[in-house]
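Reading through the C-alpha cells given below for one structure.
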Amino acid sequence: MIAAVLRGPRSLALAAMPSPSPGALDAVVRVKAAGLCGTDYRIWTGERPVQYPRIMGHEFIGRVMAIGQDVSNISVGQMVAVEPNYSCGVCALCREGNRNLCLSRVAVGIDVDGGFAEEATVPARCCWPAPEGVSQERLLLAEPLAVVVRAVGRAEPATGETAAVLGLGSLGLLALQVLKARGTRVLAVARSTRRLSLARELGADAVALSGADDDVAAARTFSGREGVDMVVETAGTAAAVEQAVNLCRPGGRVVLTGLPHEPTSLNFFWVVRRELRIIGSMIYQDEFPEALRLLASGAVRADRLLSQTFPLDRIEDAFQAHRSPDSIKVAVIP
Ligand SMILES: [Zn+2]
Ligand SMILES: [Zn+2]
C-alpha cells in the first residue's frame, strides 16, 4: 500500500509500505478520505515534533478491510469514521471517565501512524459504523464535529439562550450548527467577511465582524441584555480568548476549544467581577455517537465545509491549500 511518510519537517514523500495486518483487537481500514487540520499543518512544518518516520492524518474515514479475531463491534465491508484517540483505560483519569485527559492517550496520526495512506490499522474500538445514508463528504467531518459536540455540551445550552461563536473555521461553522440544534440563538463572530454569509446560510441568526463592528455592542443588541449567555471560542488565538470574555454576560459561560498556543493577557478582573465560568474543552469523551446522529439527521450540514480534495500524490498541495484563507476543510483522497 502507498502512504505519505513524513521523514522530518516539510519532508513528506510517498512510499510503498507493507500492508498492515490487524492484531486481535484491531481493524485495517481502506482509507477513503482524510481531512487536514491545523494540527497536521504544525506537524508538517515541524512546529509540533513527532517521531519520524510518521504517517500523519487523524481525521479519516474508510471501509473495514480486515478485523482481528477478537473484534465484535464492526465487520468487514462496513464504512466507518475513525475516532483517532485512545486512552490507557487503567489510570485514575480513565477510570473516573476522563479518558480524553489520559496522560498516556495515543493520538492516531501523531503518536502512531494514521490516515494519509491507502490503509491504516487502528484499534477496532476506535471505529464507528457510518449511519445509513450519510455521504462520505459528511462523514469526513465526524471527528471535528465530535470536538464541537463536546465543547457545546460543556456550555450547557438551554433552549432560547443566546450564544456567540468566535472563529468561523471548520470548528466554528460546526459549532454554530450544533448550537442551533440545541435550540440556542447564535451570533457568529469572525475577523473577516469571507465566512459571514456561509455562517448565515448554516443557521447563524446574526453575524458580526470583529474589529470593524463593535462586537461587544453587537452581543448586547443580539442578546437584548448585558451580553450573550455563552461563548464558544474556536479560533485558538490569544485575542479571541479575551474577546470571548468581553462578549459574555455576567454569570455566563465561556468555553474554549481552540488551542491557544500563545499566552493571553486576559484581565481576570472581569472574570471575578462578572462571575464568568471559563471552561476548557479537550477533544471528546463519548461524543462520536452524537456527532454521527447530527450528521444522519441533517441537523449539521458538514459537506458545505469541504472546500478542496487532493489525491495522495498531491498531499503537499493540500498542505498549501490548507493555509489559503479561502479553504475551510481540505481533504486527501488516498
Ligand atoms: Zn484535526
Ligand atoms: Zn489513562
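The values are calculated or read from the model by the stated rules, or taken from the named source; none is laboratory data. Just so it is clear, the model here is predicted, and its values are computed rather than measured. Cβ atoms come from the backbone with ideal geometry, glycine included; neighbour counts cover every protein chain shown. The area values use the complete protein model at the heavy-atom level, side chains included, leaving out ligands, DNA and RNA. Shrake-Rupley method; radii C 1.70, N 1.55, O 1.52, S 1.80 Å.
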Looking at (1) in contact (Cβ under 8 Å) with a residue 24 or more places away in the chain; (2) more than 15 Å from ligand 1 (Cβ to nearest atom), which is the only condition I43 fails? (2)
Looking at E119, E137, which is the one that is in contact with a Lys or Arg (Cβ under 7 Å, 6 or more places away or on another chain) and more than 16 Å from ligand 2 (Cβ to nearest atom)? E119
Conditions first: (1) farther than 30 Å from V134 by Cβ; (2) assigned to a loop (DSSP other than H, G, I, E, B). D286 passes all but one, so which condition is the exception? (1)
For residues in the range 92-109 being in contact (Cβ under 8 Å) with a residue 40 or more places away in the chain and more than 7 Å from ligand 2 (Cβ to nearest atom), which is surrounded by the most Cβ atoms within 10 Å (Cβ to Cβ)? G109
Helices (runs of 4 or more DSSP H) wholly in the range 153-267 with at least 2 residues that are in contact with a strand residue (DSSP E or B) (Cβ under 7 Å, 6 or more places away or on another chain), open to solvent by less than 10 Å² (accessible area, probe 1.4 Å) and under 22 Å from R138 (Cα atoms) - which ones? 170-181
Matching residues in the range 61-88 - criterion: being within 16 Å of ligand 1 (Cβ to nearest atom), under 20 Å from I2 (Cα atoms) and touching a Lys or Arg at 6+ places or on another chain (Cβ under 8 Å): I61
Quick one: in the range 25-45, which of the residues that are assigned to a strand (DSSP E or B) and closer than 15 Å to C126 by Cα is farthest from ligand 2 (Cβ to nearest atom)? R30
Can you name the residue in the range 20-43 that is among the hydrophobic types (A, V, I, L, M, F, W, C) and over 23 Å from L168 (Cα atoms) and is also surrounded by the most Cβ atoms within 10 Å (Cβ to Cβ) among such residues? V29
What's the number of the condition L36 fails, among (1) over 29 Å from S281 (Cα atoms); (2) within 16 Å of ligand 1 (Cβ to nearest atom)? (1)
Yes or no: the range 300-320 includes at least one residue that is in a loop (DSSP other than H, G, I, E, B) and touching a helix residue (DSSP H, G or I) at 6+ places or on another chain (Cβ under 9 Å). yes
Looking at the structure I just gave you, is R48 under 21 Å from E59 (Cβ atoms), out of contact with any Cys (no Cβ under 9 Å at 6 or more places or on another chain), open to solvent by 60 Å² or more (accessible area, probe 1.4 Å) and not in a strand (DSSP E or B)? yes
